[in-house]
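What follows is a single structure, written as structure tokens, with notes after it.
Nothing in this text is a laboratory measurement; each read-out follows from the coordinates by a stated rule. Computed from a predicted structure; not experimentally measured. Neighbour counts are summed over all protein chains in view; Cβ atoms, including those assigned to glycine, are modelled from backbone coordinates with ideal geometry.
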Amino acid sequence: MKALAGFVVLLLLAPFALPAFYLTLLNYIGLYSLVALGLLLLTGVGGLTSFGQAAFVGIGAYTTAALSTGVIELPAALAWTQHSPWIALAAGLLLTFVVAIALGSMTLRLSGHYLPLGTIAWGISLYYFFGTFEQLGGQTGMSGIPAIELFGHPLVTAREMYYLIWAFVLIAALTTQNLLDSRQGRAIRALRGGVVMAEAMGVDTARSRMVIFVIASLQASASGWLYAHLQRFVNPSPFGLQYGIDYLFMAVVGGAGQVWGALLGATVITVSKQWLQDLLPQLLGRTGNFEMIVFGALLILLLQRSRNGLWGLVARAAARWLPKTRAKPRALPQAQALPRRPMPQRGEVVLEAKNVTRRFGGLVANNDLSLQVHAGEILALIGPNGAGKSTMFNQLSGVDTPTSGQVLLRGQSVAGRGSRAIARMGLSRSFQHVRLLPAMSVLENVAIGAHLRGKSSVFSAAWRLDRAEEARLLAEAAHQVERVGLQEHMFAEAGSLALGQQRTLEIARALASDPCVLLLDEPAAGLRLREKQALGELLSKLRAEGMAILLVEHDMDFVMGLVDRVVVMDFGQKIVEGLPHEVQQNPAVLEAYLGGVAP
């Protein structure tokens, strides 16, 4: 908070200490920072690469230019919207919202390299639209844009616009920081952990992707509105692909994933370009775009040395040179407990697979497989590698859909309904290959599991109106962390834990959703003896509470001393089902799984 207060004081004093040229430069840094902050969410946090943000800047600029100058005649009923920059701002944001929803619905379905290519396509299309539409001035552009009036005073000069621009930037930065520090923010950050994990925890990944796409678009549009009234003139040039690339560089170079890194990136790139444009012609004796060559080389060098951008370098330097202060112990979250789901009656069939078959072309991964899991029971699903156990887990949890057969959760058919819907009905799971967010704390990773138990909106999160609910979610996460024995690592980064601890963390995350059915895929892998004993005690306690547990595990000593029944698979089929001691003596199991035959 002290650093933020100091930054704000410097911003307030800058107009009194800097000449007009540097003040204008600060205005442009502010405009670029608005766009970079949107890309921080979209690319740095959400992992969605967009080269088309300059087009949204253009929508905001051209909307206010057209409405505030009155060059486009509107019906009499809408005439009141003209000649007011503030109404034009609202209109530009509304138009941007509609366009972003339309483009996002098409573009965000793409993955891999197709997504950035898609953003390039619509970015170029909008750029040419601005230059082709004659009522918008074509390539010549539009002039005569009126100044913004604030409390009856027109903001004519760069010095007068300065405070308005930076007020927008600070509001965007603080609301973005608030959003990331919330239930909705964890859902957005979970996108980098993979769609499968996020959906299994109840996150609507399609909605989260659309949310950050729209927010980034709206912030770019607001930048365009400010730009138009700062310049009092617009033409298509600043809204092309080159500017889209520059905005992306600002977000990545500053430190993708860091709110204040976006401002740092916008500052460094803007100042560096200006500096190189002035210096290189003097050194080389002629003009040209030499600054782009040097600038590109410097960017490559920076990204090689610091993948976390300039903010990562600043953070490391600060940790090295600034005096270290003793960190205050963090208080565990305390709040009223979240409501719990009523558990099914002991012995009730909670999860059932009926004749489930899954084919991948000519490969039959699961063949006519049936099983039941009862409340208050631990059922083990075992078999050699490649037997189809994890594939069966995916059919039961909604990650995949059976080719034929039924999956029933508490008597309701769930095949094909998707893992998010199944999670809402009370099924949670861990994964064979650990899926965590390594840069987030243990507490935050577990809180992702409680996502479905909250209701806060993006707006309430951005303006910190969700603090009561957030406290309850974090208190629930802290309870589950303590429950699995990771309380000493509560605030440590999840990526710093050993593999066995990460698997335990996944169980805590699954428990945070308050499930009645728990699917655990190799939970004891990587655990030491005492950790296995603690895990066994935890699972036994959950069984006593009435939870139904299905686990896949290769540690036979752990399995046979814990579970109530065992289902053995081989080549996608169930070959044996029974009590642990019966299965251990079954000749088919010994031959298929243990590599021998009964004596």
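If each residue's Cβ is checked for other Cβ atoms within 10 Å, how do Lys532, Lys273 rank with the fewest at the top?
Numbers: Lys532 19, Lys273 14.
Result, fewest neighbours first: Lys273, Lys532.
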Practice problem: Net charge near Phe295: determine it from the other residues with C-beta under 15 Å of the C-beta of Phe295, scoring Lys and Arg +1 and Asp and Glu -1. | Solution: -2
Self-check item: Pairs of alpha carbons in the stretch 335-406 whose separation is greater than 14 Å (percent)
Solution: 66 percent
Exercise. Just give me a number: lysine pairs in the chain, eight or more positions apart or cross-chain, with C-alpha atoms less than 17 Å apart.
Key: 6
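Report, in deg cm²/dmol and to the nearest 500, the calculated mean residue ellipticity at 222 nm for the chain, where each DSSP H run with n ≥ 4 adds -39500 (n - 2.57) and the sum is divided by the residue count. Walk me through the intermediate numbers first.
Details: 23 runs with 318 residues, N = 599.
So the calculated ellipticity at 222 nm is -17000 deg cm²/dmol.
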Quiz item: Which order do peptides 519-529, 36-46 fall in by mean Cβ count within 10 Å, highest first?
Solution: 36-46, 519-529
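Order these by the 10 Å Cβ neighbour count, fewest first: Arg183, Arg417, Arg435, Arg340. If you can, show how the numbers build up before the last one.
Numbers: Arg183 25, Arg417 16, Arg435 19, Arg340 9.
Exposure proxy ranking, most exposed first: Arg340, Arg417, Arg435, Arg183.
Counting other beta carbons within 10 Å of each residue's own, what order do Phe459, Phe558 fall into, fewest first?
Numbers: Phe459 12, Phe558 22.
Neighbour counts put them in this order, fewest first: Phe459, Phe558.
So for each of 136-145, 369-378 I average, over its residues, the number of other beta carbons within 10 Å; can you give me the resulting order with the highest mean first? The partial results should precede the final answer.
Working: 136-145: 16.2, 369-378: 20.6.
Averaged packing, sorted descending, gives the order 369-378, 136-145.
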Practice problem: Taking the chain as the reference, fit the longest principal axis to its C-alpha atoms, fit the long axis of helix 309-321 to the helix C-alpha atoms, and give the angle between the two in degrees, 0 to 90, nearest 10. | Solution: 80 degrees
Quiz item: For all pairs of alpha-carbon atoms in the stretch 23-312, what percent lies in each bin of width 5 Å, listed from the first bin to the last filled one?
Solution: 1, 6, 11, 16, 18, 17, 13, 9, 5, 3, 1, 0, 0
Quiz item: Expressed as a whole number of Å, what is the distance separating the alpha-carbon centroids of the stretch 142-169 and the stretch 414-429?
Solution: 52 Å
Practice problem: Any chance you could check the Cα centroid distance between the stretch 458-516 and the stretch 31-66 for me, in angstrom? | Solution: 32 Å
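Taking a ≥ b ≥ c as the square roots of the eigenvalues of the Cα gyration tensor of the stretch 249-382, is the shape rounded (a/c under 1.5), prolate (a/b larger than b/c) or oblate? Please list the in-between numbers first.
Working: a/c = 4.51, a/b = 2.04, b/c = 2.21.
Oblate, since a/c reaches 1.5 and b/c is not below a/b.
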Practice problem: Would you mind computing, in nm to one decimal, how far apart the modelled labels at Ala121 and Glu134 are, each placed 7 Å from Cα along Cα→Cβ? | Solution: 3.0 nm
Quiz item: Mind checking the log10 I(q)/I(0) for the stretch 124-197 at q = 0.13, 0.14, 0.18, 0.27 Å⁻¹? Debye, one equal scatterer per Cα, no solvent, two decimals.
Solution: -0.79, -0.83, -0.88, -1.08
Quiz item: Is the stretch 227-321 rounded, prolate or oblate when judged by the Cα gyration tensor, a ≥ b ≥ c being the square roots of its eigenvalues, rounded requiring a/c under 1.5 and prolate requiring a/b larger than b/c?
Solution: oblate
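Considering only DSSP beta bridges whose two residues both sit in the chain, what percent are antiparallel, to the nearest 5? Mind showing how you got there, number by number?
Details: 26 of 43 bridges.
So the antiparallel bridges in the chain amount to around 60 percent.
In whole Å and largest first, what semi-axes does the C-alpha gyration tensor of the chain yield when each eigenvalue is scaled by 5 and square-rooted? Let's see the in-between values first.
Details: eigenvalues 589, 134, 104 Å².
Taking √(5λ) for each Cα gyration eigenvalue gives 54, 26, 23 Å.
Would the stretch 439-513 count as rounded, prolate or oblate if I go by the C-alpha gyration tensor, calling it rounded below 1.5 in a/c and otherwise prolate when a/b exceeds b/c, oblate otherwise?
Working: a/c = 2.38, a/b = 1.95, b/c = 1.22.
Prolate, because a/c is 1.5 or more and a/b exceeds b/c.
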